[in-house]
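Colleague: Let me give you the structure first, and then I'll get to my questions.
The values are calculated or read from the model by the stated rules, or taken from the named source; none is laboratory data. For clarity, every value in this text was computed on a predicted model and none was experimentally measured. Cβ placement follows ideal geometry from the backbone for every residue including glycine, while neighbour counts extend to all protein chains displayed. Just so you know, the surface numbers come from the protein's heavy atoms only, side chains and all, with ligands and any DNA or RNA stripped out. Shrake-Rupley method; radii C 1.70, N 1.55, O 1.52, S 1.80 Å.
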Amino acid sequence: MNKKYVYLFSEADGSYKELLGGKGANLAEMTKIGLPVPQGFTVSTEACNLYYENKEQLSDAVADQVRENIVKLEEITGKKFGDLENPLLVSVRSGARASMPGMMDTVLNLGLNDEVVVALAKKTNNERFAYDSYRRFIQMFADVVMEIPKQQFEVIIDEMKEERNISDDAEFTAEDYKEMVQRFKDYYLKHHHETFPSDPFEQLIASVTSVFRSWNNDRAVYYRRINDIPAAWGTAVNVQEMVFGNMGDDCATGVAFTRNPATGEKKLFGEFLVNAQGEDVVAGTRTPLPMEELKDIMPDAYEEFERHCETLENHYKDMQDMEFTIENNKLYMLQTRSGKRTANAALKIAVDLVNEGLITEKEAVLQINPKQLDALLHPHFSEEALKGGKVIGTGLAASPGAASGQIVFTAKEAKEYTDKGKKAILVRLETSPEDIEGMALSEGILTARGGMTSHAAVVARGMGICCVSGSTDVSFRGDKVRIGEREYSRGDYISLDGTTGKIYEGEIASEEATISGDFEKFMNWADEYRQIGVRTNADTPKDAQQAIDFGAEGIGLVRTEHMFFEADRIKLVREMILSKDEAGRRKALDQLLPIQQSDFEGIYEVMKELPVTVRYLDPPLHEFLPTKESEMQELADDMGLTLEDIKETVAGLHEFNPMMGHRGVRLSISYPEIAEMQTKAVIRAALAVQKRLDVKVHPEIMIPLVGHITELNYVKEVVDRVANEEIEASGQELNYTVGTMIEIPRACVTADKIAESADFFSFGTNDLTQYGFGFSRDDAGNFLNDYYEKSVFEQDPFVRIDEEGVGELVKIAVEKGRSTKPNLKLGICGEHGGDPATITFLYNVGLDYVSCSPYRVPIARLAAAQASIQNPREK
Ligand code: PEP
Ligand code: MG
């Protein structure tokens, strides 16, 4: 038997989402439960995939089945395609498995031509309606199917209004629409060099094909990337008998939600227009009326609609977003789907549905997309304020939130501005560790270079500061910055939306994030199901506290280098690096020790008995080096060296490829005294806090960038020796562990050996992605956009783990590590630890915890809970 590509609504049901898309499956389901749905059929997602396999050609098998189903639809409706007595007209609409509002295209009134329009006018006794429908069809077909710019049609409409001296479409007569049809067709011919197709079947096949083509338009590709929708899903196409909301004053069309999508309030919410067709409601050319008014205008239809809303909510157990049309007082349901909603509304609706007994707590936990919680955790621009905003550029949405302030170009300027109580937006080519203080003081950060794991992005997310990175719209000219079409100076106001990546001119008002009671209740439900831990990456007591407030259960990564970069310490660090011998280094390290110890004490005081993983120094040494001659001179004076000595050492430390250079464990091998000092600081701080607070502190010492067990063994020997000396001298007991980051491919494939010396592994997926792909973390942002545009990649591998490659390396390391130590503790502290899709993957691979920046902790908690519900682990 031939493969089936086309299904009548009556041949399927709601379980066909994968094959028929959300819209198709829901139309079938509504048909099944007896709601008034204009009938039709759905061309499957498999037909879409076949179209792409056939080099963007609709196969004959699919076209034949479309034709057969048109015949069936003719039988169901008693109308005929192209008939001159009782013509069948259809709509053609896309519908993927996940709803992608407005991402793909729609054609209405298909089946009209110069003869059929006459029959329609006669049958409805409404010539004006018939020609209005016809001109709309030409417009949509030309735009969607033939990609003829639609503005020109609007120009024609405006010209005709001007000629007639009218301002509203409602004033056009039947004769006007007839003339409009002619002008549209003339324009079509002129632009397309072919006459408008009059054969309804030809129109239909071209439209179905164009919906498949629209699956790969820029908007759809972008939307899929942001929402983790695979290209392989494809879209279905729904062909449905037209019903008309524009046949007179007893007709209407509208869109409504069963609950308020902005607030979650349980009250029918929506808009409609009398005597109009679907796109008029969304197009904004006429102002729609609120749903309550339908009650007065068409009470019977309204009451019936209310009944259907209740049926649908009870049936789908979720808030529904519906389209309807009323034709001569008769109500039709054209679509239903789970409605998009704000994060606050999502929480309220989930909690209310549980209280109403419609869903269980477990179902509620599954209902919310973890990424949506992001919006609740950062300040955001109010929708009202954004309406007046002028977008001047875009970049990567690197760290969510909203920021308005005055442009500054350096960390120092950020400090000067904020000292005066002004709000600063730090605009830079890229950021570097010295900028940390200025970054922390700024409202937001904008960079011209760098991807999602660039310094600016990682640090901003950690601090919960809004950041737009890698904007190609930003370039520097002397002491000005060009953003989009204009140059801006220091002190000019701009605004950043780190959630969308948009840059706005001027100041835009923002609102603080609020965490409502529903939020807490919901997160407690999630935690009941969660089977892996959620920790945070935090370098300061403030970040640690923030993460605890958001529910973190430990620290998975303290990046100690951030502590080295602060202004009062950098000089000591420089002295250490530039010392000619060990004695000089030790002198500087001795001065750093109490500072570092007090940093750790601050963190332990917040974390108390919760585990704290301290990662030893990691960045390339040259990042600490002085760049200005005055700084070098000062160091030379302090250290009793000459300027030439310093210059020479600095030059000697230059690296061609710092990311693969002298960093991580390599530093501790060259200079074990650094590991000694850090161990003393970790252990002494733990002992001090244990005593002070009478708690058991759990330090976990983590060695970065290990690729070979001998590297780990070398440093571990230093750590254990020093730690044991310190513990013994204190007379206290202290449990500390020593583990390693797994972030070098070689470490993954030799993880069985490395596990012999490691108490735990923490996957550094930023570096593992960098070394796995050979993509520089700091430069990949510059070219990965081309990959998405050309569909070479669907996702940013620095954001969502590449399961097949980098993920496979993680799997290998998990299996090998546990083959040596079955109870080896496994976590992740790369940026991927806050990405819901990655969390699901890592949960299934067998990790014990994930660690992410404080502002992502609730997202990770929810994602981990959902992964556990979908695939529970044996207890
Ligand atoms: C990593 O590489 O994933 C990691 C967490 O370390 P860093 O980002 O500091 O290199
Ligand atoms: Mg790393």
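Colleague: So, in region 116-169, exactly how many residues are of a type in the set (A, V, I, L, M, F, W, C) and in contact with a Lys or Arg (Cβ under 6 Å, 6 or more places away or on another chain)?
Modeller: Filtering region 116-169 for residues of a type in the set (A, V, I, L, M, F, W, C) gives 116-121, 129-130, 137-138, 140-142, 144-146, 148, 153, 155-157, 160, 166.
Imposing the further condition that a residue be in contact with a Lys or Arg (Cβ under 6 Å, 6 or more places away or on another chain) reduces the set to 156.
The number of residues fulfilling the criteria is 1.
Colleague: Go through Phe775, Phe798 for me and flag whichever is in contact with a Lys or Arg (Cβ under 8 Å, 6 or more places away or on another chain), within 16 Å of ligand 1 (Cβ to nearest atom) and either under 30 Å from Val718 (Cβ atoms) or among the hydrophobic types (A, V, I, L, M, F, W, C) (or both). Give the derivation first.
Modeller: Values: Phe775 fails: in contact with a Lys or Arg (Cβ under 8 Å, 6 or more places away or on another chain).
From the options Phe775, Phe798, the qualifying one is Phe798.
Colleague: Answer yes if at least one residue in region 586-597 is within 16 Å of ligand 2 (Cβ to nearest atom) and either assigned to a helix (DSSP H, G or I) or surrounded by fewer than 16 Cβ atoms within 10 Å (Cβ to Cβ) (or both), and no otherwise.
Modeller: no
Colleague: Continuing with the same structure: Among the residues of region 530-545, count how many are farther than 20 Å from Gln596 by Cα and either aromatic (Phe, Trp, Tyr) or open to solvent by 50 Å² or more (accessible area, probe 1.4 Å) (or both).
Modeller: Within region 530-545, residues that are farther than 20 Å from Gln596 by Cα and either aromatic (Phe, Trp, Tyr) or open to solvent by 50 Å² or more (accessible area, probe 1.4 Å) (or both) number 1.
Colleague: Still on this structure: With (1) touching a residue at least 40 places away in the same chain (Cβ under 8 Å); (2) surrounded by 19 or more Cβ atoms within 10 Å (Cβ to Cβ); (3) aliphatic (A, V, I, L, M); (4) farther than 23 Å from Phe550 by Cβ as the list, and Leu429 as the residue in question, which single condition is left unmet?
Modeller: (2) is the only condition that Leu429 fails.
Colleague: What are the residues in region 116-139 that are touching a residue at least 60 places away in the same chain (Cβ under 8 Å) and within 19 Å of Pro197 (Cβ to Cβ), if any? Step through it out loud before you land on a result.
Modeller: Just the residues of region 116-139 that are touching a residue at least 60 places away in the same chain (Cβ under 8 Å), to begin with: 116-117, 124, 126, 129, 132-133, 136.
Within region 116-139, Val116, Val117, Ser133, Arg136 meet the criteria.
Colleague: Another question, if that's okay. Being outside any helix (DSSP H, G or I) and more than 37 Å from the chain's Cα centre (by Cα) is the filter; apply it to region 674-708 and report the residue that is farthest from ligand 2 (Cβ to nearest atom). Full working, then the answer.
Modeller: Filtering region 674-708 down to residues outside any helix (DSSP H, G or I) leaves 694-708.
Imposing the further condition that a residue be more than 37 Å from the chain's Cα centre (by Cα) reduces the set to 694-696.
Working: Asp694: 35, Val695: 30, Lys696: 29 Å.
Checking each candidate, the answer is Asp694.
Residue by residue, here is whether (1) over 20 Å from Asp599 (Cβ atoms); (2) more than 16 Å from ligand 2 (Cβ to nearest atom); (3) assigned to a helix (DSSP H, G or I); (4) open to solvent by less than 20 Å² (accessible area, probe 1.4 Å) holds:
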| position | (1), (2), (3), (4) |
| --- | --- |
| Arg663 | yes, no, no, yes |
| Thr710 | yes, yes, yes, no |
| Asp720 | yes, yes, yes, no |
| Glu725 | yes, yes, yes, no |
| Ala729 | yes, yes, yes, no |
| Asn735 | yes, yes, no, no |
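Colleague: Need the failing condition index for Pro797 against (1) more than 13 Å from Thr769 (Cα to Cα); (2) within 16 Å of ligand 2 (Cβ to nearest atom), just the number.
Modeller: (1)
Colleague: Could you run through region 298-354 and say how many residues are hydroxyl-bearing (Ser, Thr, Tyr), open to solvent by 40 Å² or more (accessible area, probe 1.4 Å) and not in a helix (DSSP H, G or I)? It would help to see each step written out before you state the result.
Modeller: Residues of region 298-354 hydroxyl-bearing (Ser, Thr, Tyr): 302, 311, 316, 325, 332, 336, 338, 342.
Next, from what is left, pick out any that are open to solvent by 40 Å² or more (accessible area, probe 1.4 Å): 311, 316, 332, 338, 342.
Narrowing the set further to residues that are not in a helix (DSSP H, G or I) leaves 332, 338, 342.
Qualifying residue count for the region: 3.
Colleague: Just to be sure, is Glu874 open to solvent by 10 Å² or more (accessible area, probe 1.4 Å), at pLDDT 95 or above and either acidic (Asp, Glu) or more than 20 Å from the chain's Cα centre (by Cα) (or both)?
Modeller: Working: open to solvent by 10 Å² or more (accessible area, probe 1.4 Å): yes; at pLDDT 95 or above: no; either acidic (Asp, Glu) or more than 20 Å from the chain's Cα centre (by Cα) (or both): yes.
Against the criterion (open to solvent by 10 Å² or more (accessible area, probe 1.4 Å), at pLDDT 95 or above and either acidic (Asp, Glu) or more than 20 Å from the chain's Cα centre (by Cα) (or both)), Glu874 does not qualify.
Colleague: Which residue out of Glu575, Glu520, Glu553 is on the phi < 0 side of the Ramachandran plot, of a type in the set (Asp, Glu), in a helix (DSSP H, G or I) and under 38 Å from the mean Cα position of the chain (by Cα)? Step through it out loud before you land on a result.
Modeller: Details: Glu575 fails: under 38 Å from the mean Cα position of the chain (by Cα); Glu553 fails: in a helix (DSSP H, G or I).
One residue alone meets the criteria, Glu520.
Colleague: Could you list, in sequence order, the residues of region 764-790 that are under 30 Å from Ala751 (Cα atoms), open to solvent by 60 Å² or more (accessible area, probe 1.4 Å) and among the charged types (D, E, K, R)?
Modeller: Asp778, Asp779
Colleague: Please find, within region 82-101, the residue that is surrounded by the fewest Cβ atoms within 10 Å (Cβ to Cβ) out of those that are free of Cβ contacts under 8 Å to residues at least 60 places away in the same chain and assigned to a loop (DSSP other than H, G, I, E, B). Talk me through it step by step, then tell me what you get.
Modeller: Here is the first cut: in region 82-101, the ones free of Cβ contacts under 8 Å to residues at least 60 places away in the same chain are 83-87.
Checking the rest, the ones that are also assigned to a loop (DSSP other than H, G, I, E, B) come to 83-86.
Details: Asp83: 16, Leu84: 13, Glu85: 9, Asn86: 13.
Result: Glu85.
Colleague: Oh, and also: Does Leu366 qualify as being part of a strand (DSSP E or B), at pLDDT 90 or above and under 19 Å from the mean Cα position of the chain (by Cα)? Lay out the reasoning, then the answer.
Modeller: Values: part of a strand (DSSP E or B): no; at pLDDT 90 or above: yes; under 19 Å from the mean Cα position of the chain (by Cα): yes.
It is false that Leu366 is part of a strand (DSSP E or B), at pLDDT 90 or above and under 19 Å from the mean Cα position of the chain (by Cα).
Colleague: If you don't mind, there's one more thing I want to ask. Would a scan of region 825-836 turn up a residue that is closer than 21 Å to Ile744 by Cβ, more than 16 Å from ligand 1 (Cβ to nearest atom) and buried (at least 19 other Cβ atoms within 10 Å of the Cβ)?
Modeller: yes
Colleague: Test Glu605 against the criterion of being more than 16 Å from ligand 2 (Cβ to nearest atom), closer than 30 Å to Gly533 by Cα and part of a loop (DSSP other than H, G, I, E, B), and give yes or no. Give the steps one after another, and end with the answer.
Modeller: Working: more than 16 Å from ligand 2 (Cβ to nearest atom): yes; closer than 30 Å to Gly533 by Cα: yes; part of a loop (DSSP other than H, G, I, E, B): no.
Answer is no for this residue.
Colleague: Determine if region 104-124 includes at least one residue that is open to solvent by 40 Å² or more (accessible area, probe 1.4 Å) and within 30 Å of Ala12 (Cβ to Cβ).
Modeller: Scanning region 104-124 turns up at least one residue that is open to solvent by 40 Å² or more (accessible area, probe 1.4 Å) and within 30 Å of Ala12 (Cβ to Cβ).
Colleague: Got at least one residue in region 552-563 being surrounded by fewer than 16 Cβ atoms within 10 Å (Cβ to Cβ) and either away from ligand 1 (no atom under 16 Å from the Cβ) or closer than 29 Å to Thr740 by Cβ (or both)? Before you say what the answer is, go through the steps one by one.
Modeller: Quick first cut of region 552-563, residues surrounded by fewer than 16 Cβ atoms within 10 Å (Cβ to Cβ) only: none.
No, the conditions are met nowhere in region 552-563.
Colleague: Same structure again: Which ones in region 738-763 are outside any loop (DSSP other than H, G, I, E, B), open to solvent by 10 Å² or more (accessible area, probe 1.4 Å) and within 14 Å of ligand 2 (Cβ to nearest atom)? Spell out how you get there, then give the answer.
Modeller: Residues of region 738-763 outside any loop (DSSP other than H, G, I, E, B): 738-742, 745-749, 751-754, 760-763.
Still in the running and open to solvent by 10 Å² or more (accessible area, probe 1.4 Å): 745-746, 749, 752-753.
The one that is outside any loop (DSSP other than H, G, I, E, B), open to solvent by 10 Å² or more (accessible area, probe 1.4 Å) and within 14 Å of ligand 2 (Cβ to nearest atom): Pro745.
Colleague: Among (1) away from ligand 1 (no atom under 16 Å from the Cβ); (2) outside any helix (DSSP H, G or I); (3) modelled with pLDDT of 90 or more; (4) out of contact with any Leu (no Cβ under 7 Å at 6 or more places or on another chain), which single condition is Arg535 missing?
Modeller: Among (1) away from ligand 1 (no atom under 16 Å from the Cβ); (2) outside any helix (DSSP H, G or I); (3) modelled with pLDDT of 90 or more; (4) out of contact with any Leu (no Cβ under 7 Å at 6 or more places or on another chain), the lone unmet condition for Arg535 is (1).
Colleague: Where the second residue is within 14 Å of ligand 2 (Cβ to nearest atom) and open to solvent by 40 Å² or more (accessible area, probe 1.4 Å) and the first is within 20 Å of His832 (Cβ to Cβ) and in contact (Cβ under 8 Å) with a residue 12 or more places away in the chain and lies in region 734-752, which pairs have Cβ atoms under 7 Å and are six or more apart or on separate chains?
Modeller: Ile744/Tyr771; Pro745/Tyr771; Pro745/Gly772
Colleague: Is it the case, given these coordinates, that Glu53 is surrounded by fewer than 20 Cβ atoms within 10 Å (Cβ to Cβ), free of Cβ contacts under 8 Å to residues at least 40 places away in the same chain and within 15 Å of Trp233 (Cα to Cα)?
Modeller: Working: surrounded by fewer than 20 Cβ atoms within 10 Å (Cβ to Cβ): yes; free of Cβ contacts under 8 Å to residues at least 40 places away in the same chain: yes; within 15 Å of Trp233 (Cα to Cα): yes.
When the stated conditions are applied, Glu53 passes them.
Colleague: Condition test on Phe793, is it within 16 Å of ligand 1 (Cβ to nearest atom), surrounded by fewer than 23 Cβ atoms within 10 Å (Cβ to Cβ) and not aliphatic (A, V, I, L, M)?
Modeller: Numbers: within 16 Å of ligand 1 (Cβ to nearest atom): no; surrounded by fewer than 23 Cβ atoms within 10 Å (Cβ to Cβ): yes; not aliphatic (A, V, I, L, M): yes.
Considered against the rule, which asks whether it is within 16 Å of ligand 1 (Cβ to nearest atom), surrounded by fewer than 23 Cβ atoms within 10 Å (Cβ to Cβ) and not aliphatic (A, V, I, L, M), Phe793 comes out as no.
Colleague: Could you list all residues from region 695-708 that are crowded, with 24+ Cβ neighbours inside 10 Å, over 14 Å from Ser757 (Cα atoms) and of a type in the set (Val, Ile, Thr)?
Modeller: Val697
Colleague: Does Leu189 satisfy being in contact (Cβ under 8 Å) with a residue 40 or more places away in the chain and closer than 29 Å to Asn217 by Cβ? Step through it out loud before you land on a result.
Modeller: On the way: in contact (Cβ under 8 Å) with a residue 40 or more places away in the chain: no; closer than 29 Å to Asn217 by Cβ: yes.
Answer is no for this residue.
Colleague: Okay, moving on. Restricting to region 489-505, and then to whatever is at pLDDT below 95 and part of a loop (DSSP other than H, G, I, E, B), can you tell me which residue is most open to solvent (accessible area, probe 1.4 Å)?
Modeller: Step by step, filter region 489-505, then rank; the result is Thr499.
Colleague: Only one of (1) closer than 20 Å to Ser598 by Cα; (2) open to solvent by less than 10 Å² (accessible area, probe 1.4 Å) fails for Lys691. Which number is that?
Modeller: (2)
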